Each structure stands twice: as structure tokens, then as C-alpha cells.
1. Test GLY56 against the criterion of being modelled with pLDDT under 95 and surrounded by fewer than 18 Cβ atoms within 10 Å (Cβ to Cβ), and give yes or no.
2. Looking at GLU66, GLU44, GLU111, GLU89, which one is out of contact with any strand residue (DSSP E or B) (no Cβ under 9 Å at 6 or more places or on another chain) and modelled with pLDDT of 95 or more?
3. Based on this model, can you work out whether GLN39 counts as farther than 13 Å from ALA92 by Cβ, at pLDDT 95 or above and open to solvent by 20 Å² or more (accessible area, probe 1.4 Å)?
4. Return the residues of segment 59-81 that are open to solvent by 60 Å² or more (accessible area, probe 1.4 Å) and in contact with a Lys or Arg (Cβ under 9 Å, 6 or more places away or on another chain); say none if nothing qualifies.
5. Could you list, in sequence order, all residues of segment 16-37 that are of a type in the set (Gly, Ala, Ser), more than 15 Å from the chain's Cα centre (by Cα) and outside any strand (DSSP E or B)?
6. I need the full set of residues from segment 1-15 which are of a type in the set (Val, Ile, Thr) and assigned to a strand (DSSP E or B), in order please.
7. So, in segment 84-106, exactly how many residues are open to solvent by less than 10 Å² (accessible area, probe 1.4 Å), in contact with a helix residue (DSSP H, G or I) (Cβ under 7 Å, 6 or more places away or on another chain) and over 17 Å from LEU4 (Cα atoms)?
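The values are calculated or read from the model by the stated rules, or taken from the named source; none is laboratory data. Note that the coordinates shown come from a computational prediction; the quantities given were computed from them, not determined experimentally. Every residue, glycine as well, gets a Cβ built from its backbone with ideal geometry; the counts of neighbours run over all protein chains shown. Ligands, DNA and RNA are stripped out before the accessible areas are found, and what is left, the full protein with its side chains, is counted by its heavy atoms. Shrake-Rupley method; radii C 1.70, N 1.55, O 1.52, S 1.80 Å.
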Amino acid sequence: QVQLVESGGGLVQAGGSLRLSCEASGLTFSSYLVGWFRQAPGKEREFVAAITWSGGSTWYADSVKERFTISRDNAKNTVWLQMNSLKPEDQAVYLCAAQAGLRVGVPEKYEYWGQGTQVSVFS
């Protein structure tokens with residue numbers, strides 16, 4: 001059974017930082033591209049960042065470039081999202097997802113999803 005479990009969310013003041021983790025089990029983790037998405041109430045799911053199987057390539061939404069960093073350690077079956085300089089508009093449920101392809105920004109192409117972790121940012 002495949003599981004993706006996010007952790008690390010919380011309440012932070014604007015300008016602060018959080019580090020999200022996505023730990024996978026039940027799949028050959030090193031064979032999957034992993035992405036982070038976020039969803040705020042009443043809004044569509046939004047692509048945030050993605051990283052290839054080896055970690056050699058990464059992608060970011062324009063809204064988070066220069067502030068967020070995605071990384072992975074296949075030995076630990078874990079992907080991280082380091083979020084710096086957080087803004088109130090970053091507030092959302094953050095979800096990690098995995099796919100065997102390369103359609104990084106397309107939620108429908110991800111085969112496995114976690115339950116999400118809440119990030120709240122106050123000004």
C-alpha cells in the first residue's frame with residue numbers, strides 16, 4: 001500500500017520559515033517525480049514545486065521562486081519543501097504527490113497523494 005505522509009506545517013508569522021516533509025512508503029521512491037501542491041479554501045489546487053527522481057531537476061511556481069526550495073533524499077524516502085519569507089498568501093493546505101511521468105504541473109497526472117498539512121501565515 002502506497003502512502004505519502006506530509007508533516008511540518010503550522011502557524012508562522014509573515015517573514016518566517018517552515019520546512020515541510022513528505023515521507024513515502026510502499027513504492028520505489030527513487031522512480032517517482034514528487035511534487036508539492038497547495039490548496040486554499042475556495043481555490044483550485046495550485047502547483048508549487050517538483051523534483052525529478054534523482055533530484056537533478058526542479059521546478060517552481062513563479063509565486064514561490066527564490067523563497068521555496070525542494071529537495072529529496074531517496075535513502076530516506078523523503079522530499080522536503082523549505083519555505084522562507086512566508087507571506088499570508090502562502091496560507092493553504094500543502095500536499096505532496098508522486099508520479100512516474102514528467103507532467104509536473106498537472107495534478108491529474110500524479111498517481112499518489114498525501115493527506116496534506118496546514119500552513120497558516122499571520123501578518
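1. yes
2. Exactly one residue qualifies, and that residue is GLU44.
3. No, not satisfied.
4. Selection gives nothing.
5. If the condition is that a residue be of a type in the set (Gly, Ala, Ser), more than 15 Å from the chain's Cα centre (by Cα) and outside any strand (DSSP E or B), then GLY16, GLY26, SER30, SER31 are the ones that fit.
6. Matches in segment 1-15: VAL5, VAL12.
7. Adding up the residues that qualify gives 0.
Yes/no per residue for (1) over 28 Å from PHE122 (Cα atoms); (2) β-branched (Val, Ile, Thr):
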position: LEU4; (1), (2): no, no
position: ARG19; (1), (2): no, no
position: ALA24; (1), (2): yes, no
position: PHE29; (1), (2): yes, no
position: ARG38; (1), (2): no, no
position: ILE51; (1), (2): yes, yes
position: VAL64; (1), (2): no, yes
position: ASN77; (1), (2): yes, no
position: LEU81; (1), (2): no, no
